[in-house]
Every structure is written in C-alpha cells, then in structure tokens.
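For reference, the structure discussed in these notes is given below.
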Amino acid sequence: MAAKPSFRDAYRRSRVVVTADGWYEWARTNRGKEPYRIVPEGGGVLLLAAVADRWRTPEGLEVEGLALVTRPAAEEVAWIHPRMPLALGPDLAEAWLAAPQESWSLSPPDPPRLTAYRVSTRVNRAGVEDPDLIRPLV
C-alpha cells in the first residue's frame, strides 16, 4: 500500500480507523449473487484500517475519499469472498494511527473470529436503509 501511487500519500499522512459492527459481502452461488453479513463472533465492534484523502478533479472540484485496507479473507469467511477488511485489535489500531511505517503486515497476529449469515437482497438497493437489512434470513 505504501508503494501504490493511488494510496501512497494517504498512507503516509492520513491513516484512520473505521468502527463497524459488520459488513456485507456477496457470495456467488448457483442462484446468483447472495448477500451475507459478516460480524465478529459473539458480537462487538471491529476496528478497520483505512486511509483517507482529499484531492481536486481536473474541473477543480474537491473530492474526499476513504478506502478500507483489505487482506486475504479469514478461513471462516473465505468461501464468501477472497478478501476482507483489515480488522485491528486496540493495540494494532494505535500502531496504525502512529507515525507511518514503511512495511505493515496485512495479517494481524490475532484476527477476530468472524461469522456470517445470509441477509435480504434488499441490501443491493441504493437508498434502502432499515433495521431489517441486518436480520438473518431463515
């Protein structure tokens, strides 16, 4: 990440931690793509490594962006998608926010245990937001 031109500057000057209680991924099945919600086993909050940046378009518009750092997926969710956000423990979150390091491991020593469950395809619709989106399908 430190060497990629699209992330290099943000990595050096604007690393952030995003809190989340889960995220969605889509698994390819014989029925098409099906959405799953991935959460920490037993509940709780995840601390996700990210970089933020601000730039100007050729037209002069200021754009702000945020990108989650990803890593190879944990074994228990790799069947859904081969990559996942980089979840950090509190100590690693502090290290991520500290002065830049030239080399950063994308495999934390103690990744959280994760679980996944299928959710409604309504999560695919832009503008749809309600508590039912995180309810498991039975």
Burial ordering of Glu94, Glu64, fewest other beta-carbon atoms within 10 Å first: Glu64, Glu94
Karplus 3J(HN,Hα) series, Hz, for the stretch 25-35 with 6.51 cos²θ - 1.76 cosθ + 1.60 (x for Gly, Pro): 9, 10, 9, 7, 10, 5, 9, x, 7, 10, x
Counting only residues 5 or more places away or on other chains, whose amide H sits under 5 Å from the amide H of Val119 once H atoms are built in the peptide plane? Tyr36, Arg37, Leu137
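What's the local net charge at Trp23, with K and R +1, D and E -1, over the other residues with C-beta under 12 Å away?
Residues close to Trp23 contribute a combined charge of 0.
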Search the structure for amide H atoms under 5 Å from the amide H of Leu86, placed 1.01 Å from N in the peptide plane, and list their residues when 5 or more places away or on another chain. Ala49, Val69, Thr70, Arg71
Got a sec to turn the phi values of the stretch 36-51 into Karplus ³J(HN,Hα) couplings, 6.51 cos²θ - 1.76 cosθ + 1.60 with θ = phi - 60°, whole Hz, x for Gly and Pro? 10, 9, 10, 9, x, 4, x, x, x, 10, 9, 10, 9, 6, 8, 10
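Read the figures in this text as sums done on the coordinates, not as results from a lab. Please read these numbers as outputs of a predicted model, since none were measured by experiment. When we count neighbours, we look across all protein chains shown, and the Cβ atoms used for this are built from the backbone with ideal geometry, even at glycine.
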